[in-house]
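The values are calculated or read from the model by the stated rules, or taken from the named source; none is laboratory data. As the structure is a computational prediction, the values presented were derived from the model and not from experiment. FYI the Cβ positions are ideal-geometry reconstructions off the backbone, even for glycines, and counts take in every protein chain you see. Just so you know, the surface numbers come from the protein's heavy atoms only, side chains and all, with ligands and any DNA or RNA stripped out. Shrake-Rupley method; radii C 1.70, N 1.55, O 1.52, S 1.80 Å.
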2 protein chains.
Amino acid sequence: MAAQTPRQQDAASHRTPPVHTAPQEVALETALLALADPVRQTLVRELAGAADWERSCGSFDVPVTKATLSRHFSVLREAGLLEQRDAGAKRLNRLRKPEFDARFPGLLDLVLGHAAP
Amino acid sequence: MAAQTPRQQDAASHRTPPVHTAPQEVALETALLALADPVRQTLVRELAGAADWERSCGSFDVPVTKATLSRHFSVLREAGLLEQRDAGAKRLNRLRKPEFDARFPGLLDLVLGHAAP
DNA sequence: CAGAGTGTTCGATGATCTGCGTACACTCTG
DNA sequence: CAGAGTGTACGCAGATCATCGAACACTCTG
């Protein structure tokens, strides 16, 4: 009964999990700076158009290298906008919309409403 | 009837008037970057607490020199947040709240609501 | 185990931003 | 007109940021 194949995350993960920041502890300045970058705006918009844990880090269409992309994800985590979870070799993402909306009402919807040029 | 003393602005002003940008033409990124700076947040909050054309540029309590302050006003004008008008030797300010709110609903109130640390 | 796939970390680089001091322009007042 | 008051323009320094290439770590598959 305990020898099930570990399908998803954890089990015996030897990877350091991503560092998260709760939206309640995020300063307004941090949130504004995170959402001001055009690449991060694209990431947020694509995340909003997908289901939770649907998108892996490499599945986003942005014109930057994976090193830069990794950095952007780090900024979004620190801003309380992104939650990540390891699933096998991939790292899945979730937009923390409810929590972030509770902290900064209307801000995320403003970014989602304005289409990218 | 035409020889009234010119009390306020213009008349025969030999000064180049400030350059403004209409909030309708401001990009979201520009607005977010303008509001992300702590000094500019203070300026916006103090302006919101005063009547239109009540405050001159030098009347704000921010820990920067007047050269830096002038630069911040320029950024706020480009973001569609500030309107300025010359009145004698002074330059008076007005927060463009209605216009800015129409362009980015809720954004300005978010900044005004979060008190400075 | 070897290899492909995924993602992070580490410098280095170039751009941008904030801040300052100085010099300058304009306005009003004595 | 001389001077004080107000604000801008022009560099210049320091900090921060976005970006990249290369190296590394972990996971799954053949």
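Each Lys and Arg Cβ is given +1 and each Asp and Glu Cβ -1; about its Cα centre, chain A then shows a dipole of about 380 debye. Using a 7 Å projection from Cα along Cα-to-Cβ, the label point at A:GLU46 is separated from the same position in the remaining copies by 4.3 nm, smallest value first.
Find the centroid of the Cα atoms in region A:33-93 and in region B:35-55, then give the distance between the two in whole Å. So the separation of the two Cα centres works out to 34 Å. For the residues A:ALA34, A:ALA67, A:ALA102, a GNM of chain A with alpha-carbon springs under 10 Å puts the largest fluctuation on A:ALA67.
The trypsin sites (Lys or Arg not before Pro) of region A:25-63 include none that DSSP puts in a loop with a beta carbon having at most 10 other beta carbons within 10 Å.
Equivalent-ellipsoid semi-axes (√(5λ), Cα gyration tensor) for chain B, whole Å, largest first? Walk me through the numbers on the way to the answer.
Values: eigenvalues 137, 53, 35 Å².
Whole-Å semi-axes of the equivalent ellipsoid: 26, 16, 13.
Distances between equivalent label points of B:ALA115 across the copies, with each point positioned 7 Å along Cα→Cβ, amount to 4.2 nm, shortest listed first. Within the full protein context, the accessible area of B:VAL19 is estimated at about 110 Å² for a probe radius of 1.4 Å. Per-residue ellipticity at 222 nm, computed for chain A from helices alone with -39500 (n - 2.57) per DSSP H run of at least four residues, works out to -11500 deg cm²/dmol. Near A:LEU82, the amide H atoms lying under 5 Å from its own belong to A:ARG77, A:ARG96; only residues 5 or more places off or on other chains count, and H is placed 1.01 Å from N. Loop-located chymotrypsin sites (Phe, Trp or Tyr not before Pro) across region B:41-117 with a Cβ neighbour count of 15 or fewer within 10 Å are B:TRP53, with loop assigned by DSSP.
Bridgeable lysines around B:LYS90 (alpha carbons under 22 Å apart, same-chain partners fewer than 8 residues away excluded): B:LYS66.
For the protein assembly as shown, a Kirkwood hydrodynamic radius built from all Cα pairs, placed in the Stokes-Einstein relation at 4 °C and 1.567 mPa s, yields a translational diffusion coefficient of 64 µm²/s.
When the accessible area of each residue in region A:13-36 is compared between its chain alone and the complete protein assembly (1.4 Å probe; ligands, DNA and RNA ignored), which residues differ by at least 20 Å², being lower in the assembly? Buried on complex formation: A:LEU28, A:GLU29, A:LEU32, A:LEU33, A:ALA36. Based on Cα contacts under 8 Å between residues 6+ apart, region B:23-113 shows a relative contact order of 37 percent.
Karplus-derived 3J(HN,Hα) values for region B:72-78, using 6.51 cos²θ - 1.76 cosθ + 1.60 with θ = phi - 60°, are 5, 4, 4, 5, 5, 5, 5 Hz; glycine and proline are entered as x.
Residues in region B:84-90 carry Karplus couplings, in order, of 10, 9, 7, 9, x, 7, 8 Hz; the curve used is 6.51 cos²θ - 1.76 cosθ + 1.60 with θ = phi - 60°, and Gly or Pro positions show x.
Normalising by residue count, region B:42-105 has a Cα convex hull of 83 Å³ per residue. Structure remark: mean-square fluctuation, Gaussian network model of chain A, C-alpha springs under 10 Å; the largest value among A:LEU35, A:LEU107, A:LEU47 belongs to A:LEU107.
Each copy carries a label point for B:VAL19 at 7 Å from Cα toward Cβ; from one copy, the others' points are 4.1 nm away, ordered from shortest. Derived scalar couplings between HN and Hα for region A:98-106 equal x, 5, 5, 4, 5, 7, 10, x, x Hz in order, rounded to whole Hz, by the Karplus curve 6.51 cos²θ - 1.76 cosθ + 1.60 (θ = phi - 60°), x for Gly and Pro.
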